[in-house]
1. Determine the sum of side-chain charges near A:Glu60: Lys and Arg each +1, Asp and Glu each -1, restricted to other residues whose C-beta is under 13 angstrom from that of A:Glu60.
2. Would you work out if the protein assembly as shown is rounded, prolate or oblate? Take a ≥ b ≥ c from the square roots of the eigenvalues of the alpha-carbon gyration tensor; rounded if a/c is under 1.5, else prolate when a/b is larger than b/c, oblate otherwise.
3. For the stretch A:11-71 and the stretch B:345-400, what is the separation of their C-alpha centers, rounded to whole Å?
4. Using the Cα gyration tensor of the stretch B:246-308, with a ≥ b ≥ c the square roots of its eigenvalues, what is the shape: rounded (a/c below 1.5), prolate (a/b larger than b/c) or oblate (neither)?
5. Which residue, B:Gln356, B:Gln286, B:Gln329, has the most motion in a Gaussian network model of chain B that connects Cα atoms within less than 10 Å?
6. Buried accessible area between B and A (1.4 Å probe, both chains summed, ligands and nucleic acids excluded), in Å² to the nearest 100?
7. Counting only other residues whose beta carbon sits under 13 Å from that of B:Leu332, what net charge do I get with K and R as +1, D and E as -1?
8. What is the Cα centroid distance between the stretch B:239-317 and the stretch B:95-144, reported in whole angstrom?
Amino acid sequence: MPPEAERLVVDRALCIGSGLCAATAPRHFLLAADRRSIARPDAGAPDADAADAMALCPVEAISLVPGAGVAPA
Amino acid sequence: MEHRRRRRTGEIRSFPFPHRDGLDPLPEFARLRRDEPVARIRLPSGDLAWLVTRHADVRRVLSDPRFSRARATRGDGPRVNRTTTLPNSILAADPPDHTRLRKLVAPALTGRRAEAMRRDIAALAGELLARLAPLPRPADLVTHFTRPLPLAVICDLLGTPRSDGELLDGWCDALRSVTAMADARVMSAVDEMTGYLTGLLRTKRAHPDDDLLSALIAARDDGDRLSEEELLSFCVVLLSGGYGTTANRLAGMVHLLLAEPARYERLCREPELIPGAVEELLRYAQSTVSGNLRVAEEDVALGDVIIREGEGVLAVLASANHDERAFPQPDLLDLTREVRSHLSFGHGAHFCVGAQLARVQLQEALAGLTRAFPTLYAAGPAVWKRGLSSRSPRSLPVGW
């Protein structure tokens with residue numbers, strides 16, 4: 001992990017709701033009622049599972065941005 | 001602990017249900033969705049399993065890690081057929097093995113990479129259609145268009161010869177066999193395909209290139225991130241998924257469009273509808289009428305039923321796509337419908353790795369076809385494949 005705190009965000013305009021991220025890193029992602037993914041705000045620091053989910057997203061909709069804690073994705 | 005009563009199931013149904021030509025809704029699934037959404041079935045192997053037909057339940061089975069694909073292919077337990085094909089493939093893996101395998105191919109198949117291939121795919125479609133135009137009519141659209149297009153795309157991506165379509169076609173159908181052929185024939189087809197791919201891998205090892213097969217070989221040889229069996233299984237899955245499924249889907253889409261000429265004419269007049277129409281055709285077409293079996297790793301409640309540890313579950317994608325709870329008037333093929341949640345590419349860990357590439361191909365194929373052949377019509381009944389896990393036309397005679 002980089003020294004500065006980072007958090008995961010899902011670009012919900014890109015998300016196609018494949019469910020891959022929630023299957024790969026259930027601690028970090030969940031599918032909302034509209035069947036698109038959101039990053040769980042309370043998940044803690046991104047880990048190896050979260051990195052896998054980023055790598056597997058079919059539309060590369062997951063990224064890391066500076067910051068930590070609860071924030072709207 | 002919450003008390004749940006296992007639903008009294010009326011009967012054990014024999015699965016698969018009788019074959020019907022075409023891609024229209026199947027009454028057996030409609031009845032089960034209404035009356036018995038998690039139903040007991042007997043598979044061709046003789047084993048029992050649960051058949052899951054509603055959208056929410058299907059999605060749940062595909063995304064809940066307690067329903068294991070590995071348990072449905074290794075060790076004891078229920079099977080669709082007595083023999084198991086490709087126990088080392090990504091389709092038969094659970095996380096974290098599945099994640100390791102998928103990371104090797106995912107970067108080559110992202111939406112961005114698929115978009116970068118769009119122009120070449122459109123050009124390829126144009127070439128095939130230009131070769132079709134002077135042929136005697138009626139002509140078979142499967143032979144001249146819906147098969148060669150995805151074959152060329154996947155072969156170019158993998159870095160394999162485009163010339164072996166006939167061979168691949170037979171093998172791909174064998175891999176999809178549920179009742180079409182005896183287990184022994186399926187296994188011999190898998191052996192033949194494995195032999196063919198072993199030869200391809202040998203050639204590619206000697207002459208690596210900038211393609212997906214070379215990348216997988218490097219992962220095997222340099223990084224040891226892939227066993228030799230996994231490498232071979234990967235090739236089988238990528239070829240049969242990339243080629244067979246896309247070819248079958250494209251042929252099915254053209255069949256549905258020509259079955260009601262107004263549908264085809266509408267896309268000719270309004271080509272901007274094509275991307276949305278592809279999603280609706282993916283939803284509507286009752287293609288994947290069987291499924292990849294999963295086995296419960298512990299007791300799991302699904303609707304009124306408790307799936308016991310070790311029991312098999314078959315979630316039917318085609319049925320989920322016609323669930324009245326998820327899609328208003330599901331039996332209506334509406335090319336302008338806003339479809340966001342069809343399950344034709346699956347869901348969860350095994351979501352089709354080629355989905356975005358398939359979408360680009362299907363869109364460009366229909367765009368090219370409607371542009372080049374605005375007067376296309378069905379010149380006779382399609383001939384249908386039978387006894388496979390998915391339904392699709394074997395031939396599609398067309399005139400113009």
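1. Around A:Glu60, the surrounding residues sum to 0.
2. Since a/c stays below 1.5, the shape of the protein assembly as shown is classed as rounded.
3. The stretch A:11-71 and the stretch B:345-400 have Cα centres separated by 32 Å.
4. Numbers: a/c = 3.75, a/b = 3.04, b/c = 1.24.
Since a/c reaches 1.5 and a/b is larger than b/c, the shape of the stretch B:246-308 is classed as prolate.
5. For chain B, modelled as a Gaussian network with Cα springs under 10 Å, the answer is B:Gln329.
6. Protein heavy atoms only, the B-A interface buries about 1500 Å².
7. Charge balance in the 13 Å sphere: -3.
8. The stretch B:239-317 and the stretch B:95-144 have Cα centres spaced 18 Å from each other.
The values are calculated or read from the model by the stated rules, or taken from the named source; none is laboratory data. Just so we're clear, the structure is a prediction, and the values are computed from it rather than from any experiment. Positions of Cβ are generated from backbone atoms using ideal geometry, with glycine treated the same way; all protein chains shown enter the neighbour counts. Ligands, DNA and RNA are stripped out before the accessible areas are found, and what is left, the full protein with its side chains, is counted by its heavy atoms. Shrake-Rupley method; radii C 1.70, N 1.55, O 1.52, S 1.80 Å.
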